[in-house]
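Encoded as structure tokens, the structure appears first; notes follow it.
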Amino acid sequence: MGFYPIGGMLMPTKVGAAPMEAQTAVYSPKNYENLIGTPGFSDTLLRNHFKLYQGYVTNTNLVLEKIGNLVKEAKDRTPEFNELKRRLGWEFNGMRLHEYYFDNMGGKDPLDSTSPLTKLIAENFGGFDRWQKEFVSTGSMRGIGWVILYHDPVSGRLFNFWIEEHQANHMAGGTPLLVMDVFEHAFITDYGLDRGKYIENFFKTINWDIVSKRLKS
């Protein structure tokens, strides 16, 4: 029995079967034009942010293609392969985290006070206001990255995590519920260095229905 690569995993093949060609995942950028006109976020800021996100999608596909070619050419024990593997975490997470972020924007209504998420926040943080205070304080830390409200399916607990850049400090096995971008490009066009005002307006546009549905998935 041999193995062929697919979707980043090695899958067994039948003895005597011809090896399959490596399957390279191809990602397409999502359309977030529905967010244009979001209060507190200028069209210029949003369109620039969409363009940056689209670059991560392009580069994710490019890195995956290059990695696949190096493996095919038996050059997978090379410095180039090593660096591309490390780069993949940056590009892929940059793509996926922006999708979580844009997907949980565009809302107008507050979190339903009777929802399972509200109950879980109260159990873990002592109430919504105390959770929000910790989340905002995490987002106000010096540095670039993301803040993610994670649900740990093993313990059932919620945690606010600081993500360094795109790829460092993620909760293994955790489910991202609420994702907030705190790279300067997310706010500097409209708010300069006033990250606090950006975070304040971000909270006004959270789509809590989307965030709550992530808890159920």
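Results, tabulated for the structure shown:
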| quantity | calculated |
| --- | --- |
| P(r) of segment 116-216 over all Cα-Cα pairs, binned every 5 Å from zero, in whole percent | 2, 12, 23, 25, 20, 11, 4, 1, 0 |
| For the chain, calculated [θ]222 nm from helices alone, where every DSSP H run of n ≥ 4 adds -39500 (n - 2.57) | -15000 deg cm²/dmol |
| Antiparallel %, DSSP beta bridges [both residues in the chain], to 5 | 95 percent |
| Nearby lysines by direct alpha-carbon distance to LYS213 (threshold 29 angstrom, same-chain neighbours under 8 apart not counted) | LYS30, LYS51, LYS108, LYS119, LYS133, LYS197, LYS204 |
| If the convex hull is drawn through the Cα atoms of the chain, its volume per residue in Å³ | 145 Å³ |
| Label point distance in nm, PHE203-VAL71, each placed 7 Å from Cα along Cα→Cβ | 4.5 nm |
| Sorted by Cβ density within 10 Å, fewest first, the residues TYR198, TYR100 | TYR100, TYR198 |
| Footprinting exposure proxy for LYS75, LYS30 (fewest neighbouring C-beta atoms within 10 Å first) | LYS75, LYS30 |
| Under 12 Å, Cβ to Cβ, from TYR198 - net charge with Lys/Arg +1 and Asp/Glu -1 | -2 |
| Order of ILE148, ILE199 under a 10 Å beta carbon neighbour criterion, fewest first | ILE199, ILE148 |
| Contour minus Cα-Cα distance for LYS108 and PHE161 (0.36 nm per residue) | 16.6 nm |
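Only the coordinates and a few stated rules stand behind these numbers; no lab work does. These numbers were taken from a predicted model, which means no experiment stands behind them. Using ideal geometry, Cβ is built from the backbone for each residue, glycine included, and neighbour counts are taken over all protein chains shown.
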